[in-house]
Amino acid sequence: MSNNLQSNILISSDNLFETNNSFTRSNTIDNAILRESITQELDEFCNNPLIFDEIRQFDPKQSTTVIPINLISELNGLIECDPIKMLNDFQCQQKFLQSDIIKLEKIQIRCQPRSKFRPRTQNESKISSHYLRCENGGELGYPAIYIPKIWSYQSDINIIEVALVDILKQAHLYAIDNKTSQISYDDQAFIFKDGPSNQLYFRVTNEDFNNGYKTFMIELIKSKQDNIITKELIRSRKLYQSMLRFTRIYRDEYGKFQRDEIGQEYSSIMTEHYGDVSVEHMGPKYGSINKESMIFVVLKGRFVKNDISIMICEQTTQWSDEIKKFILNGNLIYFNIPYFPYQCINNIKANVIIYYKNQKIHESTYLYMHLSDGMEIFFL
């Protein structure tokens, strides 16, 4: 790449990676506008005197003011011809392959990531790489998309942006990585970063075009909880679920990079999974409305105390509380459930929710009741 072109990409206001961490947005045009644009280009093509100078070299008797009928019919045929036929004509290729008719093809996913996966922490990622995989028994080991051959004719550089998003298709707060990635774009970079930690960029290679598809080795790294990524935020945004968004970026004939957002595609939903940690029993399921009551929970599976959290909430009054103190003894957890703050209510149901690594593994109904001491002993 020449120094001038590289400076245009990396330094100017039209560079590859804008300061707001997004590529130049591609224009979207409907079919009516597209037909009008092609017609206008055809008129300019037909009124170009240089073209008719070339025509007269073959046939000096041709008129200088009226385009030959046979040439008009040929041009009309080129507009309606399919892409494979267009590639056989060099002039047609140069003029029409750059049009948005072909650029706006939607990405197709060949191999979806697994629906359940175990994310890695930053410390685990330092020790070894754990890439997102496809379902067991799938054709490919890693997520993959189809790579149309026609992309190679449209542009000399094609890049796939892979972004981690939540189930509402907003930027995810966790990161994705590949240990072979470079920190910025250059001519030799096959995988690189630039901007948010939830994005990676993969160059489409000649091997990808020959195979007809491209696989992506992506490591999903779960961020630590802090003042921004809190338990409440993880639950409200369901950050334990995510998707991959694939977007094509290509260099146009003017040396500028364009995003094809119309053609971008999303993977199926991926959900965090940590093995078979579950609740076998929880009780009692009722207690006094004005006193703390002891609750016992029997868990199944392998787990550590710091990965467990417990919430109690009541929908009518919108009251909720987190159980911050509980005792773990083997697979048995016990804690005091708080009294209900609105004593004027006789009986009301609340939900006790147990999370493992911020993923809900159990929900049970707890009945607050006005009980005398004798009744409490009777029910227990």
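Each part gets one Cα centre, and for the stretch 184-239 versus the stretch 118-159 those centres are 9 Å apart. DSSP beta bridges confined to the stretch 105-272 are antiparallel in about 90 percent of cases. If the chain linking residue 278 and residue 210 were pulled fully straight, counting 0.36 nm for each residue of separation and taking away their Cα-Cα distance, it would gain 19.8 nm. Computed extension gain for residue 339 through residue 238, at 0.36 nm per residue and net of the alpha carbon distance, reaches 33.5 nm. When nucleic acids and ligands are ignored and a 1.4 Å probe is applied, residue 126 ends up with an accessible area of around 150 Å². Residue-wise HN-Hα couplings along the stretch 183-199, as the Karplus relation 6.51 cos²θ - 1.76 cosθ + 1.60 with θ = phi - 60° gives them from phi, are 7, 7, 7, 8, 5, 9, 7, 9, 10, 8, 10, 5, x, x, 6, 8, 10 Hz; Gly and Pro carry x. A crude spin-label estimate for the pair residue 150 and residue 294, with each label 7 Å from Cα along the Cβ direction, gives 7.2 nm. Computed with a 1.4 Å probe over protein heavy atoms only, the accessible surface of the stretch 133-223 comes to 44 Å² per residue. Sorting 194, 276 by accessible area puts them as 276, 194; the probe is 1.4 Å, largest comes first, and only protein heavy atoms count. Once the C-beta distance of residue 197 and residue 370 is scaled by a Förster radius of 56 Å, the resulting FRET efficiency is 0.60 to the nearest 0.05. Distance between the pseudo-spin-label points of residue 190 and residue 124 (7 Å out from Cα toward the beta carbon): 2.7 nm.
For each pair in 305/360; 222/300; 126/231; 116/349; 214/357; 106/169, compute the distance between the two Cα atoms and list the pairs where it is over 22 Å. Among 305/360; 222/300; 126/231; 116/349; 214/357; 106/169, the Cα-Cα distance tops 22 Å for 222/300; 126/231; 116/349; 214/357. Here the calculated FRET efficiency for residue 142 and residue 346, from their Cβ-Cβ distance with R0 = 56 Å, stands at 0.45, rounded to the nearest 0.05. For the set 151, 319, the ranking by accessible area, highest first and with no ligand, DNA or RNA atoms included, is 319, 151 under a 1.4 Å probe. Explain nothing, just the number: relative contact order of the stretch 278-369, from Cα pairs under 8 Å at least 6 residues apart, as a whole percent. Rounded, it is 36 percent for the stretch 278-369. Accessible surface ranking for 286, 342, 274, 1.4 angstrom probe, highest first: 342, 286, 274.
The values are calculated or read from the model by the stated rules, or taken from the named source; none is laboratory data. What you see is a predicted model; the values in this text were computed from it and never measured. All Cβ positions, glycine included, derive from the backbone under ideal geometry; neighbour counts span all protein chains shown. Note: accessible area is taken over every heavy atom of the protein model, side chains too, but ligands, DNA and RNA are not part of it. Shrake-Rupley method; radii C 1.70, N 1.55, O 1.52, S 1.80 Å.
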